[in-house]
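Q: I have a structure here, written as structure tokens, and I will follow up with some questions on it.
The values are calculated or read from the model by the stated rules, or taken from the named source; none is laboratory data. It should be emphasised that the depicted structure is a prediction, and the values quoted were computed from it without experimental measurement. Don't worry about glycine lacking a Cβ; one is built from the backbone with ideal geometry, like all the others, and counts go over all protein chains shown. Ligands, DNA and RNA are excluded from the accessible area calculation, which covers all protein heavy atoms including side chains. Shrake-Rupley method; radii C 1.70, N 1.55, O 1.52, S 1.80 Å.
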Amino acid sequence: MRAIFRSPQAVFFSLFFPVVLIVIFGSLGGGGGISLNVAFDSKSDTANAVYQAINHVPVFDVVKSNQNDVEDRLKKGRITSIIDIKRTSDVNSKPQYDIHLKTTSAGQKDLPIMQSILRDIINTINSQANPSHDNYATISQEEIPGRIYRPIDFYLPGMLGFSLIGSAIFGVSFLFFSLRETLVLKRMFASPVNKAYIVLGDGIGRILFNLTTATVLIIFGRFFYQFTLSDGLITFLELMILSVIGLIVFMGFGYTIASLAKTQNVIPIYANLFMFPQYFLSGTFFSKTALPDSIQWLINILPLTALNDAMRKVSFEGAHLFDCGKQIGILTIWGIVVYAIAIKVFKWE
């Protein structure tokens, strides 16, 4: 018992991991849950009970923008549906309104949930206004052309980010700690080799290795699961550039952890304190919109969130690097901060 409790790894993996999982998945069932991004057509009738209910149901996240932007978001899979509520021509007709849902193949997976919620809203209105008749509104739908959205289009960019952050942080931190502990790093420091070349050598080698891994994952996803590369080779190259940016930032954390760690046992703790929350908060395994609104500001500034979002925009939505300025900016800020810390704490012995 004494030996187990003296092991930081045992305490960390036995206690900290379950607590974090409970907090995260507890949030999914409480303050968070499913969230559907929708928008109203610019010509939609707003003087009706359905419109008011949709705006007040927590499940619906109503996007407010101009019609062209809303149409563009729909085609890119960012919103589930455009809602157009129209009053029937005959004021005495039954039903009084038609709720027309415009969606694409990307939004089909959430459409049954959305229709079920809308039917509940209509039934509630019917029970309050005229319990004996279901006469307030009907639901119709229209699917417009759009890219076919497959699960792989969400999961593969997340798995790329998962692979890059794990390889960069664990690989760098364990390697440099081992070199420092065995005094190899000290001997390198005493050699005539330029000190920057030692770090650059490891960095470039790790980047090339991980780009090879990323290439295999993308090719595998493309040929076996039809992973979307919206602009073909150009998209592939932009994903590689984003991978390099992410690796450079994450390796900075590896250098910092390797310098701060007193023993090899604490490296997994430091590394997982940074990585583990991001696995569940940054949209790696499930959409970040499923988490509570109160922590969205934190989620959106995490480096893995920025990388995952940029990769999905480029691969599925057809965006280019200049369209990912916000995400690249977040990664750049993290990179500047972490390398400033790494330079200050880096140890050769």
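Q: Heavy atoms only, 1.4 Å probe, whole protein assembly: order LYS109, LYS347 by accessible area, highest first.
A: Per-residue accessible area, sorted high to low, gives LYS109, LYS347.
Q: Please work out the average accessible area per residue across the chain, using the 1.4 Å probe convention, and give it in Å².
A: Here the per-residue accessible area is 50 Å².
Q: Another question, then. Multiply the residue separation of ILE269 and THR182 by 0.36 nm, subtract the distance between their alpha-carbon atoms, and state the gained length in nm to one decimal.
A: Answer, rounded to one decimal: 29.2 nm.
Q: Quick one, could you list the DSSP H helices from the chain stretching 15 Å or more along their long axis (Cα atoms) with average Kyte-Doolittle hydropathy of 0.0 or above?
A: 17-29, 111-129, 151-181, 195-225, 233-260, 267-281, 325-345
Q: Given R₀ = 41 Å, FRET efficiency for SER163-LYS43 by Cβ-Cβ distance, to 0.05?
A: 0.35
Q: Moving on. Given the protein chains as shown and a 1.4 Å probe, how many square angstrom of TYR279 are accessible, to the nearest 10?
A: Here the accessible area works out near 30 Å².
Q: Given a 1.4 Å probe and the protein chains all in place, what does the accessible area of ASP69 round to, in Å² to the nearest 10?
A: The value for ASP69 is about 50 Å².
Q: Counting only protein chains, not ligands or nucleic acids, how are VAL314, VAL345, VAL216 ordered by accessible area (probe 1.4 Å), most first?
A: VAL216, VAL345, VAL314
Q: Continuing with this model, one more query. Rounded to the nearest 5, what is the percent of antiparallel bridges among the DSSP beta bridges in the chain?
A: 30 percent
Q: Let me ask another. At a 1.4 Å probe, what is the % contribution of carbon and sulfur to the accessible area of the chain?
A: Here it works out to 64 percent.
Q: Still on this model: Tell me the label only: which of (1) -0.41, -0.94, -1.05, -1.15; (2) -0.38, -0.85, -0.98, -1.13; (3) -0.32, -0.89, -1.02, -1.14 is log10 I(q)/I(0) by the Debye sum over Cα atoms at q = 0.07, 0.12, 0.13, 0.14 Å⁻¹ as calculated from this structure?
A: Of the labelled values, this structure produces (1).
Q: Oh, and also: With equal scatterers on the alpha carbons only and no solvent term, can you work out the Debye log10 of I(q)/I(0) for segment 123-252 at 0.10, 0.13, 0.22 1/Å?
A: -0.54, -0.70, -1.25
Q: Hey, another quick one. Take segment 264-326, drop everything but the C-alpha atoms, weight them equally and run the Debye formula without solvent; then report log10 I(q)/I(0) at 0.20, 0.23 Å⁻¹ to two decimals.
A: Listed by q, the Debye log ratios stand at -0.82, -0.96.
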